[in-house]
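So the structure is just underneath, and the comments pick up after that.
The values are calculated or read from the model by the stated rules, or taken from the named source; none is laboratory data. None of these values were measured; they are calculated from a predicted model. Because the Cβ atoms are built from the backbone with ideal geometry, glycine has one as well, and the counts that use them run over all protein chains shown.
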Amino acid sequence: MAGVPDSVLIANRGEIARRVIRTARRLGVRAIAVYSEADAGLPYVAEADEAVSIGPAPAKDSYLNVPAILAAAKQTGARSIHPGYGFLAESADFAQQVIDAGLTWIGPPPDAIDQMGDKIRARNLMQAAGVPVAAGTQDPVQDVDEALRRAETIGYPVMIKAAAGGGGIGMSVALDPEQLRKGFETARSRAERFFASPAILLERYISSARHVEIQILGLADGQVIALGERDCSVQRRHQKVAEETPSPGVSPELRERMFQAAIRAGEAVGYRGAGTVECLVDTQTGDFVFLEMNTRLQVEHPVTEMVTGIDLVEQQFLIADGLAANIPAQSFQPNGCALELRVYAEDPVRFLPSPGTITQWDEPAGPGVRVDAGYAAGNVVTPYYDPLLAKLVTHGATRDEALARAIQAVAGFAIAGLKTNLPFHVDLLNSAQFGSGDYDTSIVSHLRP
Amino acid sequence: MTEIRAEMVANVWKVVAVEGDSVADGDTLVILESMKMEIPVLAEGSGKLARLAVAEGDVIQEGDLIAVIE
């Protein structure tokens with residue numbers, strides 16, 4: 001395709017590296033993988049046109065090793081870098097270094113990443129842009145005493161969060177001052193360890209909420225569009241396990257309001273490319289508040305692709321090179337329903353990690369079934385990275401059809417050699433609560449009391 | 001004597017207890033990290049922590065000895 005860079009280095013691993021390679025191939029873009037010593041045998045390394053070893057297994061020595069990644073780009077003559085999600089995807093500093101090296105950064109402007117990266121700043125910015133936010137702190141909470149004072153004003157229950165955080169790490173709910181004392185210290189130590197920043201914020205906790213996010217695209221000409229919502233209320237430890245679109249808990253009127261807010265959020269930071277505005281919908285009041293913006297491709301982006309027919313990675317490539325996006329008008333009228341199940345290497349009861357060697361890997365196939373997998377038989381799943389093995393996505397004309405296909409596909413997914421959460425997905429899909437569509441973020445705790 | 005062994009491959013993130021300590025059932029001895037998750041290893045029974053077989057930064061395999069309580 002004319003215009004897009006002729007080559008891309010994917011600064012990531014596993015299923016998302018493979019996913020980006022697939023679109024790069026289709027567009028005739030040379031795909032370059034990077035891998036740590038632990039990942040040399042994974043499918044994405046073999047499927048790339050070229051692959052470069054960038055260091056030992058720990059992420060800080062490989063996938064977070066900026067000099068090694070930039071050196072790999074130089075060595076292979078890569079013209080652009082796609083960061084995937086996680087690792088360096090939301091590092092404004094890395095984005096700037098990529099740009100300074102004369103490469104195309106397949107992501108939003110570094111300044112937009114920066115503005116949304118700190119949750120306190122993002123909250124304040126959104127409030128100023130007219131996007132609803134929950135009652136909370138407008139600057140970092142310094143110590144426990146201040147936290148206790150602030151919580152009195154906000155009102156319990158409060159959510160404790162790392163301002164630089166993500167992935168649910170360091171987040172906890174405090175119902176009273178006692179829990180706040182405990183949660184504050186834990187959140188602070190984790191924030192320092194995982195995000196190298198001790199800044200903590202407090203927010204009013206919504207006790208019954210759905211997690212609903214809006215996919216946006218900031219086009220090359222500056223226009224921001226909304227491409228539908230995803231309901232990500234099925235979570236364990238504040239991390240998503242299953243997602244669906246459309247959300248069964250969002251009325252057309254609420255959807256329209258959320259779309260407008262998400263567009264304002266994107267416009268407020270001059271957003272370009274694919275991004276996601278995460279919100280909480282209060283199931284009691286039917287109102288929503290801004291949670292955070294993820295300035296990158298989202299793990300669960302395939303459900304949006306299934307109902308819109310759009311390849312979001314292709315749009316990222318086009319927009320990064322200043323080209324018009326390839327979005328047919330009918331994409332704005334979602335076609336049917338889609339469901340994604342995250343297949344994790346973890347036991348299906350306590351959700352504890354289960355690394356190991358995969359002795360069998362047989363993926364389901366069929367109408368409306370898509371599998372984005374990072375592994376194959378013979379691969380070793382190591383403890384160094386997150387537990388995501390694959391994403392099982394199904395599409396149907398109706399929610400019931402997508403659900404029925406998911407039940408069948410889960411039964412047809414055979415993985416042996418380590419524990420997976422597939423048995424949990426069987427329970428989820430067959431539960432009356434999930435089946436009804438009437439659930440909130442507590443659904444996993446009901447299924448696994 | 002109780003031997004506490006690793007349930008999975010993991011990195012030893014933090015060693016909380018000290019060899020020779022008296023520990024109570026459920027006390028956190030060590031915190032492991034695997035797949036971006038922290039997993040506390042707890043004392044199974046009360047007594048003296050006779051041996052602590054891991055150090056921070058170690059990579060341990062499933063079944064490896066972590067601690068001995070007497």
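Checking A:78, A:112, A:71, A:59 one by one, the residue that is in contact (Cβ under 8 Å) with a residue 40 or more places away in the chain and within 17 Å of residue A:36 (Cβ to Cβ) is A:59 and no other.
Selection within the range B:27-42: residues that are within 14 Å of another protein chain (Cβ to nearest Cβ) and assigned to a loop (DSSP other than H, G, I, E, B). The member of this set that is surrounded by the fewest Cβ atoms within 10 Å (Cβ to Cβ) is B:36. Taking first residues from the range A:253-278 that are farther than 18 Å from residue A:128 by Cβ and partners that are outside any helix (DSSP H, G or I) and acidic (Asp, Glu), the Cβ contacts under 7 Å between residues at least 6 apart in sequence or on separate chains come to A:255/A:229; A:258/A:229; A:276/A:213; A:278/A:213; A:278/A:292. Within the range A:396-449, being of a type in the set (Gly, Ala, Ser) and assigned to a loop (DSSP other than H, G, I, E, B) holds for A:397, A:412, A:417, A:431, A:437, A:442. Considering A:50, A:37, the condition of being surrounded by fewer than 24 Cβ atoms within 10 Å (Cβ to Cβ), at pLDDT 95 or above and within 22 Å of residue B:36 (Cα to Cα) is satisfied by A:37 alone. One residue alone among B:45, B:63 is surrounded by fewer than 16 Cβ atoms within 10 Å (Cβ to Cβ), away from chain A (no Cβ under 14 Å) and in contact (Cβ under 8 Å) with a residue 40 or more places away in the chain, and that residue is B:45. Sub-6 Å Cβ pairs linking a first residue in the range B:1-26 that is away from every other protein chain (no Cβ under 14 Å) to a second residue that is among the polar types (S, T, N, Q), at least 6 apart or interchain, are B:24/B:46; B:25/B:46, ordered by first then second residue.
Within the range A:344-359, the set of residues being over 16 Å from residue A:379 (Cβ atoms), part of a loop (DSSP other than H, G, I, E, B) and within 8 Å of chain B (Cβ to nearest Cβ) comprises just one member, A:352. The residue of the range A:379-395 that is nearest to the other protein chains (Cβ to nearest Cβ), among those that are part of a loop (DSSP other than H, G, I, E, B) and among the polar types (S, T, N, Q), is A:382.
A search for C-beta distances below 6 Å between a residue of the range A:31-50 that is closer than 15 Å to residue A:383 by Cα and any residue that is loosely packed, with under 15 Cβ neighbours inside 10 Å, counting only pairs 6+ apart in sequence or on different chains, returns A:37/A:56.
Table: residues versus (1) assigned to a strand (DSSP E or B); (2) of a type in the set (Gly, Ala, Ser); (3) under 29 Å from residue B:10 (Cα atoms).
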| residue | (1), (2), (3) |
| --- | --- |
| A:12 | no, no, yes |
| A:19 | no, no, yes |
| A:22 | no, no, no |
| A:33 | yes, yes, yes |
| A:38 | no, yes, yes |
| A:52 | yes, no, yes |
| A:57 | no, yes, yes |
| A:60 | no, no, yes |
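Of the residues making up the range A:363-378, those that are closer than 24 Å to residue B:9 by Cβ, away from chain B (no Cβ under 14 Å) and either surrounded by 19 or more Cβ atoms within 10 Å (Cβ to Cβ) or not hydrophobic (A, V, I, L, M, F, W, C) (or both) number 2.
Quick grid of which residues meet (1) under 20 Å from the mean Cα position of the chain (by Cα); (2) in a strand (DSSP E or B); (3) surrounded by fewer than 24 Cβ atoms within 10 Å (Cβ to Cβ):
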position	(1), (2), (3)
A:259	yes, no, yes
A:275	yes, yes, no
A:286	no, no, yes
A:293	yes, yes, no
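Of all residues in the range A:218-238, those that are more than 14 Å from every other protein chain (Cβ to nearest Cβ) and without any contact (Cβ under 8 Å) to a residue 12 or more places away in the chain have Cβ atoms under 9 Å from Cβ atoms of residues that are of a type in the set (Asp, Glu) and not in a strand (DSSP E or B), 6 or more apart or on another chain, in A:223/A:267. Per this entry, residue A:151 is counted among residues that are surrounded by 19 or more Cβ atoms within 10 Å (Cβ to Cβ), of a type outside the set (Ser, Thr, Tyr), away from every other protein chain (no Cβ under 14 Å) and part of a helix (DSSP H, G or I). Does the range A:168-185 contain at least one residue that is modelled with pLDDT under 95, buried (at least 20 other Cβ atoms within 10 Å of the Cβ) and under 16 Å from the mean Cα position of the chain (by Cα)? Within the range A:168-185, one or more residues are modelled with pLDDT under 95, buried (at least 20 other Cβ atoms within 10 Å of the Cβ) and under 16 Å from the mean Cα position of the chain (by Cα).
Confirm whether residue A:126 is part of a strand (DSSP E or B), aliphatic (A, V, I, L, M) and within 25 Å of the chain's Cα centre (by Cα). Against the criterion (part of a strand (DSSP E or B), aliphatic (A, V, I, L, M) and within 25 Å of the chain's Cα centre (by Cα)), residue A:126 does not qualify.
Do we find that residue A:202 is crowded, with 21+ Cβ neighbours inside 10 Å, more than 21 Å from the chain's Cα centre (by Cα) and touching a residue at least 12 places away in the same chain (Cβ under 8 Å) in this structure? So residue A:202 fits the description; yes.
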